[in-house]
Amino acid sequence: MSTFYENYSPQGLRIHSDLLLALSSFFAEGGEKIPHTLGPLVRSCTPFSNHFKLENLQLPLETLLNCSKADRDEYRLMTYEFNRLFVGPTAPLAPLYESVYLSPDHLIMGEQTLAVRKIYQQENLQAQGHGHEPDDFIATELEFTAYLLSRIMEAQDTMNDIKIQHYKDLYHDFWEQHPSLWLGLFAQRLRQSTHHPVFSALSEVLDTLTTLHTH
């Protein structure tokens, strides 16, 4: 299988970036927006699965596709489950922050939050939710990885080998120091906690995304 690490073609970069952005939007927009964010997620997962020949995503993709065709009542159930898992009002079962999974006290705003903020600042970026949403929010980390891929593509367009290598290295370093350390743990907790197939399928997509980087 040709993995992301072995294939920096413009097509592979674009497909990968589109999935990261769709996942970011799904988590950032919240449960009430699932009718609007689930369709784009399905449309980005399909070429991702095809490009990287990920047969294990066939069933999760079918589930996501079926759920994207749900009626209003079913979408209401998805919204309820989204909030139960990620928001509250009771303690979220699968929090959306890196610190919860990697810090010793398993609370938000740990050292991981400050570490990712420092990396964003190196690129003169600031999280949109700065001040009310920790920087290690899953949607922000995924959006930042997509941003780094976009910079690689821009450098490829201008054939700037120095910038290409810089952003490749930054992408690898950020992924290995942050998302790769906790997305698998998050996916596992999500799979164990959910009562709805759309989130079980989502956990498989996240697991596959993590595994793809380790081959």
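The values are calculated or read from the model by the stated rules, or taken from the named source; none is laboratory data. Please read these numbers as outputs of a predicted model, since none were measured by experiment. Here the Cβ is made from the backbone with ideal geometry for all residues, glycine too, and neighbour counts use every protein chain on show. Ligands, DNA and RNA are excluded from the accessible area calculation, which covers all protein heavy atoms including side chains. Shrake-Rupley method; radii C 1.70, N 1.55, O 1.52, S 1.80 Å.
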Task: region 85-107: number of residues that are open to solvent by 50 Å² or more (accessible area, probe 1.4 Å) and assigned to a helix (DSSP H, G or I) - done: 1
Task: Residues (modelled with pLDDT of 95 or more and hydrophobic (A, V, I, L, M, F, W, C)) located in region 182-215 - done: TRP182, LEU183, LEU185, PHE186, ALA187, LEU190, VAL198, PHE199, ALA201, LEU202, VAL205, LEU206
Open item on the list: Given (1) closer than 20 Å to ILE138 by Cβ; (2) free of Cβ contacts under 8 Å to residues at least 40 places away in the same chain, identify the lone condition not met by LYS69.
Closed with: (1)
Open item on the list: Here is a check on your reading of the model: is ASP169 more than 22 Å from CYS45 (Cα to Cα), open to solvent by 10 Å² or more (accessible area, probe 1.4 Å) and either out of contact with any strand residue (DSSP E or B) (no Cβ under 8 Å at 6 or more places or on another chain) or in contact (Cβ under 8 Å) with a residue 60 or more places away in the chain (or both)?
Closed with: yes
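This table checks each residue for (1) touching a residue at least 24 places away in the same chain (Cβ under 8 Å); (2) crowded, with 17+ Cβ neighbours inside 10 Å.
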residue	(1), (2)
GLN112	yes, yes
GLU133	no, no
SER150	yes, no
ALA155	no, yes
ASN160	no, no
TRP175	yes, yes
LEU209	yes, yes
LEU212	yes, no
TODO: Mind telling me which of the residues THR140, THR79 ends up being surrounded by fewer than 19 Cβ atoms within 10 Å (Cβ to Cβ), among the β-branched types (Val, Ile, Thr) and at pLDDT 90 or above?
DONE: THR79
Open item on the list: What's the total number of residues in region 54-66 that are crowded, with 16+ Cβ neighbours inside 10 Å and in contact (Cβ under 8 Å) with a residue 40 or more places away in the chain?
Closed with: 6
- [ ] Only residues in region 24-40 that are touching a residue at least 60 places away in the same chain (Cβ under 8 Å) and more than 12 Å from ALA70 (Cα to Cα) count as the first member; pair them with residues that are open to solvent by 50 Å² or more (accessible area, probe 1.4 Å) and part of a helix (DSSP H, G or I), Cβ under 6 angstrom, at least 6 apart or cross-chain, and list the lot.
- [x] SER24/GLU143
- [ ] Considering each of LEU183, LEU148 in turn, give the residue that is in contact with a Lys or Arg (Cβ under 9 Å, 6 or more places away or on another chain) and assigned to a helix (DSSP H, G or I).
- [x] LEU148
